[in-house]
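What follows is a set of notes on a single structure, which appears directly below.
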Amino acid sequence: MLVGIIGCTSLTKFFVNTLNKLKIYDMKFIISKKNDGINSDYEDLEKFFGKKTKVIHDKNINKKNTINFLKQSKVDLIFCIGWSHIINSKILKIPKFGVIGHHPSYLPHNRGKHPIIWAKFLGLKYFGSSFFYMTEKIDQGIIIDRKKIAILKNENAADLFFKLKKIIKKQIENLKIKKNKLKIDKKKIKYGNYWRKRNLEDGGIDFRMSAFAVHNLIQALTKPYPGAYVKIKNIKYNIYKSEIITNKKQFLIPGEIIKKSKNFLIIKCYKDSIKIFNKSLSMKYRNKKYLQ
């Protein structure tokens, strides 16, 4: 069974490594791209796999040259994991068994962009890992395998990525070909919701938010993501770690500095307070009463 891979992230790297270790398929090629700054968890797959597998850098995957290459490769199946660009119907029809996509949500719920970030920020109790047949409609198609993944209170994005990889490793074995047929969970996707693409401003901390919301934002955007941030006088301070501090003093104003040290500040929020860790910010505002 000849397969191709489309992707450019740390999740793609993990997926390829897992396939290689399990020796389920013969890998024909990997289509990736140069780092264009879009994916914060970008990986140069040619660096890791280029000696054994043909790696093509091609952001515009739908162009004629790429389509011709895919036709000539005669792969039976393509996996698309860790890829944020649209793949057109011409490519989807090339492999004998189609193109299998992956989305880190429990489809059909929470299709679209940044599902791990949104799920953590919103305080959801779970996200998921879903493999599905790709169609021209984003994150739709027949589901092949899906699993729920619990989100615990103190887990951040890095913790959720670790759990996601463990689940994916188990799921891959359910994607084996048997007598030229995939094991398919015959579910047609008709319902569900879409999440929009997050922008730079979505990562900004506003202390008029509750401490719970600020803490979730920081946890959602910690590595491999770029981090939440405090912006003061056009200077950005990235925050990757925080703690919620219960505070019953109702007369304190959001943004007021309650406690300070050289490594952290405790800031009053709309409800409760947040302990944020950033040495540069702490040192700059060690003699101030408010973050402003």
For segment 133-292, the dipole about the Cα centre with charges only on Cβ (Lys and Arg +1, Asp and Glu -1), to the nearest 20 debye, works out at 420
Mean-square fluctuation maximum in Gaussian network of the chain, Cα pairs under 10 Å, restricted to Thr135, Thr222, Thr53, hits Thr53
Once amide hydrogens are built 1.01 Å from N within the peptide plane, the residues lying 5 or more places from Asn247 or on another chain with amide H under 5 Å from its amide H are Asp272, Ser273
Under a Gaussian network model of the chain whose springs join Cα atoms within less than 10 Å, the largest fluctuation of Ile244, Ile117, Ile81 belongs to Ile244
quick note, the chain, DSSP beta bridge pairs, % antiparallel (nearest 5) is 65
When the charge dipole of the chain is computed with +1 at the Cβ of Lys and Arg and -1 at the Cβ of Asp and Glu, the Cα pointing farthest to the positive end, of Ile87, Ile142, Gly112, is that of Ile142
Taking a ≥ b ≥ c as the square roots of the Cα gyration tensor eigenvalues, with a/c under 1.5 meaning rounded and otherwise prolate when a/b beats b/c or oblate if not, segment 1-98 comes out oblate
The size of the Cβ-based charge dipole (Lys, Arg +1; Asp, Glu -1) of segment 2-195 about the Cα centre, to the nearest 20 debye, is 720
Dividing the mean separation of Cα pairs under 8 Å (6+ apart) by the residue count of the chain yields a relative contact order in percent of 13
Karplus ³J(HN,Hα) for segment 51-68 (6.51 cos²θ - 1.76 cosθ + 1.60, θ = phi - 60°; Hz, whole; x = Gly/Pro) runs 6, 10, 10, 5, 10, 10, 9, 7, 5, 8, 5, 8, 6, 4, 4, 5, 4, 5
If one compares the long axis through the Cα atoms of helix 211-220 with the longest principal axis of the Cα atoms of the chain, the angle in degrees, nearest 10, works out at 30
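Each value in this text was obtained by applying a stated rule to the coordinates, not by laboratory testing. These numbers come from a predicted model, not from an experiment. As a convention, Cβ positions derive from the backbone with ideal geometry for all residues, glycine included, and neighbour counts pool all protein chains shown.
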